[in-house]
Amino acid sequence: MTAAASAVATPPVRVYRRRRGWIAVEWRELWEFRELLLFLAWRDITVRYKQTALGAAWAVLQPALTMVVFTLLFGRLAHLPSDGLPYPIFVYAGLLPWTFFANAVTSSSNSLVNSANLITKVYFPRVIVPLAAVAAGLVDLAVAFLLLGVLLLWYHVPLTPMLSLLPLMVIGTVVAAVAVGTILSALTVTYRDFRYVVPFTVQLWMYATPVMYATAAVPVRWRLWYAINPMAGMTDGFRAAVLGRAPLWPVVGISSLSAIIALGVGIAYFQRVERRFVDIV
Amino acid sequence: MTEPAIQVEHLSKAYTLGVRDRGYTTLREALTSTLAAPVRRLASLARGGLDGGSQPFLALDDVSFEIAPGESVGIIGRNGAGKSTILKMLSRITEPSSGTIAIRGRVASLLEVGTGFHPELTGRENVYLNGSLLGMRRAEIARKFDEIVAFSEVEAFLDTPVKRYSSGMYVRLAFAVAAHLEPEILIVDEVLAVGDAAFQQKCLGKMQDVGRGGRTVLFVSHNMAAITRLCPRTLLLRHGRLAFDGPALEGVHAYLADGVAPGGLEWELASVARRLDAYGERARVRALTLEPLDGRRSFRVGEPLRLRVTFDARAALPSAGIGIGIDDLYGNRLATFNSHERGVVTAVDRDASATIALAVPCPSLHAGRYSLSCAVTDGGQLLDFVPQAASFEIEPIDLETGQHVEPSPGAGPMALPCVWTVA
């Protein structure tokens, strides 16, 4: 490689000057930095579990304990409809994508501010920082799947061809998390208020998502508006895929569209404000 | 004719003053500021100017230079002169406000030792993380791993979290990673200010190798000895402007004379910014005065070095003293004098000041230019320190005989008394 480089008389020139307005994503450069993304995600995971007694078990415990609480509160006391399924597995199947999304959004929105020491000292495409925060959450999601397997066996829920929908729903959830995460990470750099806004909003957001209740419980005339929340369709589709039900296709469809649009807006906004980060972070 | 590796044209960087304090750090301010904008605009129109608001501060002001491939160039200047700003723009960390930078070749910049090092991760893990941040591929790090570890001398602790490392070990490991980058252009900011002397020598050696290997090196330092050793050429920055571009020694001369009236004998130091952090809170050096014999503006060879330092106490100082260091032009310390080590201290009340004088009867220095660093101590504890506070000249004239005495080149700074005999 070195020999090849020196054989070329003059390496290609790169020119830096002030850029204005909307800036296109340099996909090739992003691809060149893919290893850094994995390293940062790996660092997040390693550091998170390094000094904990239970380690990665927390990835299961968090949704598992929530499941227990929700089952007691909403399943037993409030008798929320659960599509005729046992409430624990119904709510756990919704908590999986939701917990991933909530954690990914929370950690990626703080990620740029927490990486100030990197951003001010070394160059790389900044969008890698919130992306890595989302990627780190995927590992927790994978671990949390283990308990889902146990629950499926326990409640004798058979796997059906609907399961083939699952990868798409996971991708859709990742898209939604990246979209919201990039916007919030950029906003948090500029307005530190978002450090307080985000946890609170994410909490409320869960009520607008079919985690503890079934999507069918939402009145039909509200459903289209309801589906603008990308996590509405993703959670519904995720649960349908795992538990072998038919998802509410219109909701899944609108949510997918909404996630893709949000991703476009998120990346565009991030690119636009990215160049200011280092001067204000 | 080869194209320059780095070509900088009319480069400027403006910061809005106070951006950190009252910029759009909270949403409320952003909203009120947006709403208030039309009113403010009217108000400033009424005052007779369109942009009557915040004045931009030029951290870098219309700087142009070219660096040829394989050249080693030092960048020097006082704190706040724009050195770091230039490096950050060359490293793409921040964007120019105006002007252009053209770069030919792969750049690696080292603005800090151990960027991204995480205390909880082991040495091994941090090598991979840090290498990746500096732009190395995983395979490349794996290939050089043994070499990196050998250079760092921390083999035994590779699987220990770096939070348990001594600061020396930490720095050695971090520099070892950076030293094994293979860029065409290497940008280094003051990383040699850390680590023990032996390791600093090793780092300097490594950087010299990099330079000899035909790579372009850009090096910022306050260590004039390192600059003159590594770089044949220096750029001197002064208040964001390029004040000098040429041979290293001349640049260093100009740097040391910066902010100092030529031939001046009194240095006002109360407001000098190049103090070390946190110094100057309990006591502050106010002035340093040189006192050559017969009212001359410079010393002669063999003449006693006489000076006095006045300092202000901002707290009661029971046993205040003064420290003076003599450095050569390369920043090498030649001699240090501490009054408290000789029992010369004085009690100073709060908000009072005191003056302590020093005479070195036979300074034993060859003709040349030297710089003085100056400190205030209390009970031997350092309270204020102004590096390179002043500089003085020893003329090549013997004090006793009045004859011209030019030292032979490379003779070293000392003219120690001696007795020669033919045995």
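The values are calculated or read from the model by the stated rules, or taken from the named source; none is laboratory data. None of these values were measured; they are calculated from a predicted model. In this analysis, Cβ positions are derived from the backbone assuming ideal geometry, glycine residues included, and neighbour counts consider all displayed protein chains.
I need the full set of residues from the stretch A:268-281 which are assigned to a helix (DSSP H, G or I) and either farther than 12 Å from A:R126 by Cα or out of contact with any helix residue (DSSP H, G or I) (no Cβ under 6 Å at 6 or more places or on another chain) (or both), in order please.
Scanning the stretch A:268-281 gives A:A268, A:Y269, A:Q271, A:R272, A:E274, A:D279, A:I280.
Would it be correct to say that A:L146 is under 23 Å from A:P63 (Cβ atoms), modelled with pLDDT under 95 and of a type outside the set (S, T, Y)?
Judged against the criteria, A:L146 is a match.
I'd like to check something: does the stretch B:164-179 contain any residue that is at pLDDT 90 or above, more than 7 Å from chain A (Cβ to nearest Cβ) and more than 27 Å from the chain's Cα centre (by Cα)?
yes
Just wondering, is there one or more residues in the stretch A:220-236 that are free of Cβ contacts under 8 Å to residues at least 24 places away in the same chain and of a type in the set (F, W, Y)? Break it down stepwise before answering.
Of the stretch A:220-236, the ones free of Cβ contacts under 8 Å to residues at least 24 places away in the same chain are A:220-222, A:225.
Subsequent filtering for residues that are of a type in the set (F, W, Y) retains A:222, A:225.
So far as the stretch A:220-236 goes, yes, one or more of its residues are free of Cβ contacts under 8 Å to residues at least 24 places away in the same chain and of a type in the set (F, W, Y).
Within the bounds of the stretch B:137-154, is there any residue that is within 7 Å of chain A (Cβ to nearest Cβ) and either assigned to a helix (DSSP H, G or I) or surrounded by 17 or more Cβ atoms within 10 Å (Cβ to Cβ) (or both)?
Restricting attention to the stretch B:137-154, the residues satisfying the condition of being within 7 Å of chain A (Cβ to nearest Cβ) are B:137-138.
Filter once more, keeping what is either assigned to a helix (DSSP H, G or I) or surrounded by 17 or more Cβ atoms within 10 Å (Cβ to Cβ) (or both): B:138.
The answer is yes, given that some residue of the stretch B:137-154 is within 7 Å of chain A (Cβ to nearest Cβ) and either assigned to a helix (DSSP H, G or I) or surrounded by 17 or more Cβ atoms within 10 Å (Cβ to Cβ) (or both).
So B:V73 clears everything in (1) within 11 Å of another protein chain (Cβ to nearest Cβ); (2) crowded, with 20+ Cβ neighbours inside 10 Å except one condition, right? Which one?
Failing condition for B:V73: (1).
Among what's in the stretch B:114-136 and is closer than 20 Å to B:E182 by Cβ, touching a residue at least 24 places away in the same chain (Cβ under 8 Å) and aliphatic (A, V, I, L, M), pick the residue that is nearest to the other protein chains (Cβ to nearest Cβ).
B:L134
Before we move on, is B:G205 part of a helix (DSSP H, G or I) and modelled with pLDDT of 80 or more?
When the stated conditions are applied, B:G205 passes them.
Tell me the residue from B:S371, B:S364 that is closer than 30 Å to B:A254 by Cβ, within 29 Å of the chain's Cα centre (by Cα) and surrounded by fewer than 19 Cβ atoms within 10 Å (Cβ to Cβ), please.
B:S364
With (1) outside the structural domain of B:R284 (by TED's automatic domain parsing); (2) more than 27 Å from B:N223 (Cα to Cα) as the list, and B:P413 as the residue in question, which single condition is left unmet?
B:P413 satisfies every listed condition except (2).
Taking B:I93 and the conditions (1) assigned to a helix (DSSP H, G or I); (2) within 12 Å of chain A (Cβ to nearest Cβ); (3) at pLDDT 90 or above, which numbered condition does it fall short on, given that it satisfies the others?
The failed condition is (1).
Are any residues in the stretch A:27-56 modelled with pLDDT under 85 and over 20 Å from the mean Cα position of the chain (by Cα), and if so, which ones?
A:K50, A:Q51, A:T52, A:A53, A:L54, A:G55
For the stretch B:96-110, enumerate the residues that are hydrophobic (A, V, I, L, M, F, W, C) and either part of a helix (DSSP H, G or I) or at the interface with another protein chain (Cβ under 7 Å from one of its Cβ atoms) (or both). Working first, answer last.
At the first step, the residues of the stretch B:96-110 found to be hydrophobic (A, V, I, L, M, F, W, C) are B:101-103, B:107-108, B:110.
If the condition is that a residue be hydrophobic (A, V, I, L, M, F, W, C) and either part of a helix (DSSP H, G or I) or at the interface with another protein chain (Cβ under 7 Å from one of its Cβ atoms) (or both), then B:I101, B:A102, B:I103 are the ones that fit.
Among (1) surrounded by fewer than 16 Cβ atoms within 10 Å (Cβ to Cβ); (2) without any contact (Cβ under 8 Å) to a residue 12 or more places away in the chain; (3) within 14 Å of chain B (Cβ to nearest Cβ), which single condition is A:V122 missing?
It is condition (1) that A:V122 fails.
Taking the residues in the stretch A:222-281 that are among the charged types (D, E, K, R) and under 30 Å from B:T16 (Cβ atoms) as candidates, determine which candidate is farthest from the other protein chains (Cβ to nearest Cβ).
If we take residues in the stretch A:222-281 being among the charged types (D, E, K, R) and under 30 Å from B:T16 (Cβ atoms), then A:R272 is farthest from the other protein chains (Cβ to nearest Cβ).
Could you name every one of the strands (runs of 3 or more DSSP E) located completely within the stretch B:266-372 that has at least 1 residues being of a type in the set (F, W, Y) and either at pLDDT 90 or above or out of contact with any strand residue (DSSP E or B) (no Cβ under 9 Å at 6 or more places or on another chain) (or both)? Working first, answer last.
On the way: elements: B:266-268, B:283-290, B:299-301, B:305-313, B:317-327, B:333-338, B:346-348, B:353-360.
Fully inside the stretch B:266-372 and qualifying: B:305-313, B:333-338.
Conditions first: (1) assigned to a helix (DSSP H, G or I); (2) more than 10 Å from chain A (Cβ to nearest Cβ); (3) touching a helix residue (DSSP H, G or I) at 6+ places or on another chain (Cβ under 9 Å). B:K88 passes all but one, so which condition is the exception?
Failed condition: (2).
Return the only residue of A:P199, A:P230, A:P210 being touching a Ser or Thr at 6+ places or on another chain (Cβ under 9 Å), more than 30 Å from A:F277 (Cα to Cα) and not aliphatic (A, V, I, L, M).
A:P210
Of the residues that make up the stretch B:155-174, is at least one crowded, with 22+ Cβ neighbours inside 10 Å and either assigned by TED's automatic domain parsing to the domain that holds B:D328 or without any contact (Cβ under 8 Å) to a residue 40 or more places away in the chain (or both)?
Within the stretch B:155-174, one or more residues are crowded, with 22+ Cβ neighbours inside 10 Å and either assigned by TED's automatic domain parsing to the domain that holds B:D328 or without any contact (Cβ under 8 Å) to a residue 40 or more places away in the chain (or both).
Looking only at the stretch B:70-85, filter to residues that are part of a strand (DSSP E or B) and aliphatic (A, V, I, L, M); which one of those is nearest to B:M136 (Cα to Cα)?
B:V73
Which of (1) out of contact with any helix residue (DSSP H, G or I) (no Cβ under 7 Å at 6 or more places or on another chain); (2) more than 16 Å from A:G94 (Cα to Cα) does A:V175 not meet, given it meets every other one?
So A:V175 meets the others, but not (1).
Please find, among B:V127, B:V113, the residue that is in contact with a helix residue (DSSP H, G or I) (Cβ under 9 Å, 6 or more places away or on another chain), assigned by TED's automatic domain parsing to the domain that holds B:R172 and not in a loop (DSSP other than H, G, I, E, B).
B:V127
Can you tell me how many residues in the stretch B:373-385 are assigned to a strand (DSSP E or B) and of a type in the set (G, A, S)? Can you show your working first?
Taking the stretch B:373-385 as the starting set, the residues that turn out to be assigned to a strand (DSSP E or B) are B:373-378, B:381-385.
So of that shortlist, the ones also of a type in the set (G, A, S) come out as B:373, B:375.
Result for the stretch B:373-385: 2.
List the helices (runs of 4 or more DSSP H) inside the stretch A:1-117, counting only whole elements, that have at least 2 residues being among the acidic types (D, E) and surrounded by 13 or more Cβ atoms within 10 Å (Cβ to Cβ).
Correct list: A:34-50.
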